[in-house]
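Report on the following structure.
The values are calculated or read from the model by the stated rules, or taken from the named source; none is laboratory data. None of these values were measured; they are calculated from a predicted model. Don't worry about glycine lacking a Cβ; one is built from the backbone with ideal geometry, like all the others, and counts go over all protein chains shown. These accessible areas exclude ligands, DNA and RNA; they are computed on the full protein's heavy atoms, side chains included. Shrake-Rupley method; radii C 1.70, N 1.55, O 1.52, S 1.80 Å.
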Amino acid sequence: MPEREDSEPAVTTGAPVGVVGAGTMGVGVAQCFAEAGYPVVVVDPDPAALSSGPARLRAGVRMAKLLRRRSSPSLEDRVIWSEDVPDLAPALFVVECAREKVPVKEEILRRLDQICGPETVFASCTSCIPITRLGSFTGRPDRVIGTHFMNPAPLKDAVEVIRAPRTSERTVRRTVDLLAELGKRALVVRDAPGFVTNRVLMLTLNEAAAVLGEGTADAETVDRVFQDCFGHPMGPLRTADLIGLDTVLDSLDVLREFTGDERFRPCALLARHVAEGSVGRKSGRGFYQYPEQRQRPEHHLVPRGGASHG
């Protein structure tokens, strides 16, 4: 059936927005939709992630209030936490926020494709994996799109939206309109490994870690050079700690796989930090120490009921 050319909402009244994954990005994305008044269902098979999710959501809401962003006392009541993917069946828009591993995302998308109606849009918060590859795991590549939210999602004004060759104009329009309701500006780019942001950023973070590992400068000096000489609000090493060094490592591996470019090989210091569990702010230690923010690193999403999801 041909697509309608007239405008339509991405989410109808009463239909929840789905979020797969209750990690840092998943909770942040859930907060964005809840702040805009949408009911949200967050699915994650990890009981620890679900049990800590409400507290992390409350912390995000408090931060938003301190920075005078929109918020409401009933925001937390709009978010439902679940271990079961079938709870996403009523959603017309699902944002996948799983770990940056192709097999993990493949299992999630195949499962969602079975459960959700044919009109549902699947938006991936992937950092680097081409949307064309992700769309191939479904029977609806025209309704698969990239929505690369930045961390912390509630405090960022723009989202990198990735359109694959088979992503329909209708899907792009629905996504851009929905993001506008969240107060987010959509920056639409073509599909490619790493898109614009991480094709450039991950090289910078990796090289900054290599410079640190070689002893050219300490971490504070490396970051001050970028802040004081280039006017960056945050240096590359603190940025890497904020993203999560495990996520940076996964992203570099994906970029290396899909581009065949050895420039994306993770440097020794980065790989060592991740192997030791020093993955940045969320673990309390990375290139810097964050004793007041120590929490469990991002979990690996594990399937329930026979199909992997996150």
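Structure data summary
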| quantity | calculated |
| --- | --- |
| At R0 = 25 Å, FRET efficiency that the Cβ-Cβ distance of residue 101 and residue 63 yields, to 0.05 | 0.30 |
| Convex hull volume per residue in cubic angstrom - Cα atoms of the chain | 132 Å³ |
| Calculated from backbone phi, Karplus (6.51, -1.76, 1.60) coupling profile of the stretch 253-270 in Hz, x at Gly/Pro | 4, 5, 4, 5, 5, 8, 9, x, 9, 5, 4, 8, 5, x, 6, 4, 5, 4 |
| The chain: relative contact order as a whole-number percent, Cα under 8 Å and 6+ apart | 18 percent |
| For the stretch 212-222, Karplus couplings with θ = phi - 60° (6.51, -1.76, 1.60), whole Hz, Gly/Pro x | 5, x, 7, x, 5, 7, 7, 4, 4, 5, 4 |
| Amide H partners (placed H, <5 Å) of residue 96, local residues excluded | 20, 123, 124, 125 |
| 5 angstrom amide H check on residue 192, placed H, neighbours 5+ away | 131 |
| Zone residues, the stretch 154-173, relative to residue 189, backbone N less than 16 Å from point 7 Å out along Cα-to-Cβ | 157-165 |
| Sites residue 272 and residue 48 - FRET efficiency at Förster radius 30 Å, r taken between beta-carbons, to 0.05 | 0.70 |
| Residues of the stretch 134-149 with amide N under 15 Å of a point placed 7 Å along Cα→Cβ from residue 166 | 134-146 |
| Relative contact order of the stretch 184-289, pairs being alpha-carbon contacts under 8 Å that are 6 or more residues apart, as % | 28 percent |
| Where the chain is the region considered: accessible area per residue in Å², 1.4 Å probe | 44 Å² |
| Solvent accessible area, Å² - residue 113, 1.4 Å probe, full protein context | 40 Å² |
